[in-house]
Amino acid sequence: MAAKKLINLTSSSNCASILFATDEWFATADNLLNPAPPEFVPDLFCEQGKVMDGWETRRKRSAGHDWCVVKLGCGDQSGGGGGVSGGACMISYVELDTAYFTGNQTPRVSIEAMKVTRPLDQTGKDDDNNEDYLYNWMPGAASRLARGTGGKGVRGTGQTPATIQRALEACHAVARRSTPQNESGEWMTILPMTPLKPGYDESRYHTFEIAREIQSQIEAQGGVTHLKLNYYPDGGVARMKAFGHPCHSVEQHQTVADAPSTTIKTQSNVATIYPHSSTEPPPSTRPHPHPELSSELHGGLGLACSNKHYGVPSNLLRPHPGKDMGDGWETARHPDRPPVVSKDPLTGLQDTPLMDWSVIKLGLGGAREGEGVSRIIVDTRHFKGNFPESVTLDACYADPATVSDDVVCTSAGEKDEAKTSVEWFPLLKRTLLTADAEHEFLREGGHISNGRRGVTHVRISITPDGGLSRVRI
């Protein structure tokens, strides 16, 4: 038989569409299906941050991982499940492109597949009146499809845990309905959890051949209609291409190329939080009896950090409010972050050893012994989907006559305290942060530890990664 050229089953030009995505804060999932090559505009920002051409989710701060569901397309403009194949397709290989996602690509993915079959009517026969059965099993899919080609998402949004749970239950329910012997409702794994590389020219393309045994399983059930792309746990991919052919084509084929901001200040047990969406002036704009020693106006310096992929520590010390995400200190997403985020049930904090740090030197000679630090402001302005889960501040007093800045910075990254002569002591215990807000910590409120000790340098530790706009001490 004549060889048949494979087509991209996940291209919006072939009528593929996104039915659901857990999070679309930075960039919507329908970008994955764009047949055009991904683009990058260095100075293009929006309210959520850097504009990226792909599907990019927020840094995961809640439990779980991100995922989306794709309805495959084979060029049928009706979008229905007509024909003997019912819209089902065979898949030969998948290509994932992480173009321009150089510090924010998802570190791992997996892909699952399912053949959704036509439901039965009250007589037990196929419901021929349900022409939308490939879509309407997923809650909210109709709204996405109504917004435009490919199932358009809305940038700057994320689904609630309850909505994600309903969508996951819908995935299990349609699997049990379509394959009655599938009591667990699990989808077929066609690509197990696999690492991805950053989106530089030499590493952006990832091609995965579908194993022969998996292809045999797909063929035995008459093809698949939907894919579920899993991010572990978050991040971005520019394009997804699944090459294959509709099942009605019998010829042999060949291969070819965390919670919206409130509008009022909220009091936590360790800080007062002032969302920038509020009309109330944040504390950084109000007079304070003590000077802002960290400010570059008073000689504050950003000395060192563990990572500066998107911004440098010296930005933290600028006197004016941050103008955008580029005007802050932001680290890359940890490539070895866990596939699924978990939290300590006692503290409510992420259960992870991952963190990034930066060291700043206070101006005016630092805080004197006996006077110490009276107020700290940690500002996540503009960081709405990539703020750190939590922050910790430690301090030291380094006599400039005997201890250099280099020694201080080296000690900041030393995990074995016995190997350094610099004594670091806590100022702020590990504390949860929120998006786009000032977090005010006061000595008189009991928020600051060792508040009367002398301080020359401060180590800012963020868990697990992310960005801060300003730190005012």
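Odds and ends about this structure:
- Every residue from the stretch 357-391 that is within 30 Å of residue 339 (Cα to Cα) and open to solvent by less than 10 Å² (accessible area, probe 1.4 Å): 358, 359, 378, 379, 380, 383, 385, 386, 388, 389, 390, 391
- Taken over the stretch 329-348, the residue count meeting the criterion of being crowded, with 23+ Cβ neighbours inside 10 Å and assigned to a strand (DSSP E or B) is 2.
- Enumeration of residues in the stretch 316-328 that are of a type outside the set (A, V, I, L, M) and buried (at least 21 other Cβ atoms within 10 Å of the Cβ): 322, 328
- Elements of the type strands (runs of 3 or more DSSP E) sitting completely within the stretch 138-254 and holding at least 2 residues that are within 19 Å of residue 115 (Cβ to Cβ) and small (Gly, Ala, Ser): these cover 239-246.
- Across the stretch 418-473, the qualifying residues are those that are among the basic types (Lys, Arg) and part of a loop (DSSP other than H, G, I, E, B), and the one among them that is farthest from residue 363 (Cα to Cα) is 443.
- Test: residue 289 is under 20 Å from residue 445 (Cβ atoms) and open to solvent by 20 Å² or more (accessible area, probe 1.4 Å): yes
- Exclusive hit being over 13 Å from residue 473 (Cβ atoms) and among the aliphatic types (A, V, I, L, M), set 341, 373: 341
- Hits in the stretch 196-250 - residues which are among the charged types (D, E, K, R), within 30 Å of residue 387 (Cα to Cα) and over 18 Å from the mean Cα position of the chain (by Cα): 201, 202, 204
- Qualifying residue in the stretch 445-455 (condition: within 22 Å of residue 271 (Cβ to Cβ), among the aliphatic types (A, V, I, L, M) and within 29 Å of the chain's Cα centre (by Cα)): no
- The stretch 30-49, residues that are under 22 Å from residue 151 (Cα atoms) and not in a loop (DSSP other than H, G, I, E, B): 30, 31, 32, 33, 46
- The set of residues in the stretch 134-172 that are open to solvent by less than 60 Å² (accessible area, probe 1.4 Å) and at pLDDT below 90 comprises 148, 150, 151.
The values are calculated or read from the model by the stated rules, or taken from the named source; none is laboratory data. Nothing here was measured: the structure is a model prediction, and the numbers come from that model. Note that each Cβ is placed from the backbone with ideal geometry, even for glycine, and that neighbours are counted across all protein chains shown. Each accessible area value is taken on the protein alone, full model and side chains, heavy atoms only, with ligands, DNA and RNA left out. Shrake-Rupley method; radii C 1.70, N 1.55, O 1.52, S 1.80 Å.
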